[in-house]
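Take a look at the structure set out below.
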Ligand code: E4P
């Protein structure tokens, strides 16, 4: 399973990338706002740092304008995936941009039928938002399970990006279901190493090591 960093914070991406943890990056208008950066500039920097797909989202609502924005974003670098919302206009833009050879990430997916439509429109990626479903008392991971089944039933190549990830449990469940990608904020990715038994075990080893009076270096 691939890990994408869900952020436009270049320093956070660089830190995770140093340990080979970043297979791609996803951004959205809210994350661009949070970064305080210009979308074209920061996206170019991210694309130079990360070899894998970097999603940059259109903000138009009509298909023709989405396509124009998508073409401009796609010119930033070869690893751009243009992100479009799961609307009829977004699906139309998806089809056109995909036919032109541009990677497309269809975002704001909340149902299996939406995911089916995105695959038929040629999406490279589908982004179901699990955390936002959990927020309204639905089980976001059930949706991932359903999409995995549907895509496997019909051999769709569209990759499932589990998005709106809030916890390390979302990551485990995604891997068990067989999602292709999890995109998570840096703080969630960093928590993946955490385990109290690891922490306690290390403390005990360090205490015993100190008693040996030895040094390795
Ligand atoms: C994914 O592509 C989105 O950028 C993101 O996962 C949304 O997450 P949120 O629901 O925490 O805003």
Open item on the list: Take the conditions more than 13 Å from residue 109 (Cβ to Cβ), away from the ligand (no atom under 16 Å from the Cβ) and not in a helix (DSSP H, G or I) and apply them to residue 193. Does it pass?
Closed with: yes
- [ ] Go through 180, 208 for me and flag whichever is more than 29 Å from residue 9 (Cα to Cα) and away from the ligand (no atom under 12 Å from the Cβ).
- [x] 208
TODO: Kindly establish whether residue 42 is out of contact with any strand residue (DSSP E or B) (no Cβ under 8 Å at 6 or more places or on another chain) and either within 14 Å of the ligand (Cβ to nearest atom) or at pLDDT 95 or above (or both).
DONE: yes
Open item on the list: Within segment 196-208, take every residue that is under 33 Å from the mean Cα position of the chain (by Cα) and surrounded by 10 or more Cβ atoms within 10 Å (Cβ to Cβ) and give me the one that is nearest to residue 161 (Cα to Cα).
Closed with: 198
Task: Condition check for residue 115: within 16 Å of the ligand (Cβ to nearest atom) and buried (at least 19 other Cβ atoms within 10 Å of the Cβ) - done: yes
Task: Among the candidates 61, 7, residue that is in contact with a helix residue (DSSP H, G or I) (Cβ under 7 Å, 6 or more places away or on another chain) and either touching a residue at least 40 places away in the same chain (Cβ under 8 Å) or at positive phi (or both) - done: 7
- [ ] Could you list all residues from segment 118-168 that are part of a loop (DSSP other than H, G, I, E, B) and surrounded by 15 or more Cβ atoms within 10 Å (Cβ to Cβ)?
- [x] 121, 122, 123, 124, 156, 158, 164, 165, 166
- [ ] Name the one entry in 69, 62 that is surrounded by fewer than 16 Cβ atoms within 10 Å (Cβ to Cβ) and over 17 Å from the mean Cα position of the chain (by Cα).
- [x] 62
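The values are calculated or read from the model by the stated rules, or taken from the named source; none is laboratory data. All of these numbers come straight from a predicted model, not from anything done at the bench. When we count neighbours, we look across all protein chains shown, and the Cβ atoms used for this are built from the backbone with ideal geometry, even at glycine.
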